[in-house]
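Everything below concerns the one structure shown next.
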Amino acid sequence: IGNFPWQVSLQRRGSHFCGGSFYNSKIIVTAAHCLQRVSTSVLKVRAGSSNWNSGGVLVRVAAFKNHQGYNARTMVNDIAVIRLASPLTMSSTIKSIALATTAPANGAAATVSGWGTTSSGGSMPVQLRYVDLKIGGRTQCASSTYRYGSEIKPSMICAYAVGKDSCQGDSGGPL
C-alpha cells in the first residue's frame with residue numbers, strides 16, 4: 001500500500017466490491033454506483049493494507065451520501081461520500097489523497113489502483129494492483145479505438161492506454 005496509502009477497499013459481507021479514497025479521518029470518497037442497493041449494516045472499509053482481505057484496519061460505515069445529481073443511467077455525478085463509524089488514524093499506510101485543483105492536461109500521466117479483476121468476469125486479486133494511463137480528451141476517448149462515444153459527458157474525465165484498463169472491482173478508487 002506504500003505507493004497508494006489513500007486506497008481503501010469497500011467490502012460487503014467480507015468481500016471486496018469497490019475501491020475508495022481516504023479523504024480524512026472519517027470520510028471516504030467513492031463512486032455512487034458502488035453504493036446502490038447496499039445497506040450500511042453490511043458495509044465496511046479496509047484501509048492501510050495492500051491486501052483487501054487482511055491487514056490494516058477494518059471499520060464500519062455510519063452513513064453514505066450519493067451526489068444529489070447522480071444519474072445511474074448516464075453515470076453523471078457518479079460520486080459519493082462515506083462517513084466512517086470511527087475515525088481512522090493517519091500513518092505511513094493511511095494518508096489523505098491529494099485532490100486536484102485544476103483539470104489535468106490531455107496526455108498527462110495518471111495511475112489507477114485497485115483490486116479489480118484483470119479480465120472481464122475474472123477473479124479479483126488479493127494484492128493491490130495499479131496501471132499507468134494517460135488523460136484523454138473527450139474526442140480521443142469517444143473514438144472508435146476506445147468505443148465510449150457519447151457516454152463521455154463534459155463533466156467526466158477519461159484516461160486510457162492501449163491494452164490496459166481498470167476493471168470490475170476498481171470502481172470508486174483513485175485516479
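We did not get these values from a lab; they are worked out from the coordinates using the rules stated. As the structure is a computational prediction, the values presented were derived from the model and not from experiment. Note that we place each Cβ from the backbone using ideal geometry, even for glycine, and neighbour counts take in every protein chain shown.
Computed quantities for the displayed model
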read-out: Label-point separation, MET90 to GLN168 (7 Å along Cα→Cβ), nm; value: 3.8
read-out: Partners for LYS164 among lysines (Cα-Cα distance below 22 Å; same-chain residues under 8 apart left out); value: LYS134, LYS153
read-out: Principal axis box of the range 7-84, alpha-carbon based, largest edge first, Å; value: 36, 24, 21
read-out: For the range 41-130: rounded, prolate or oblate by the Cα gyration tensor [a/c cutoff 1.5]; value: rounded
read-out: Isolated Cys in the chain, by beta carbon distance under 4.7 Å; value: CYS167
read-out: Within the chain, helix-based [θ] at 222 nm, where runs of 4 or more DSSP H residues each add -39,500 (n - 2.57), nearest 500; value: -500 deg cm²/dmol
read-out: The range 7-84, dipole about Cα centre (Lys/Arg Cβ +1, Asp/Glu Cβ -1), debye to the nearest 20; value: 240
read-out: Within straight-line cross-link reach of LYS26, lysines at Cα separation under 24 Å, skipping those fewer than 8 residues along the same chain; value: LYS44, LYS65, LYS95
read-out: Rounded to the nearest 20 debye, dipole of the chain from Cβ charges on Lys, Arg, Asp, Glu; value: 420
read-out: Added length on full extension, which subtracts the Cα-Cα distance from 0.36 nm per residue, SER25 to ALA62; value: 12.0 nm
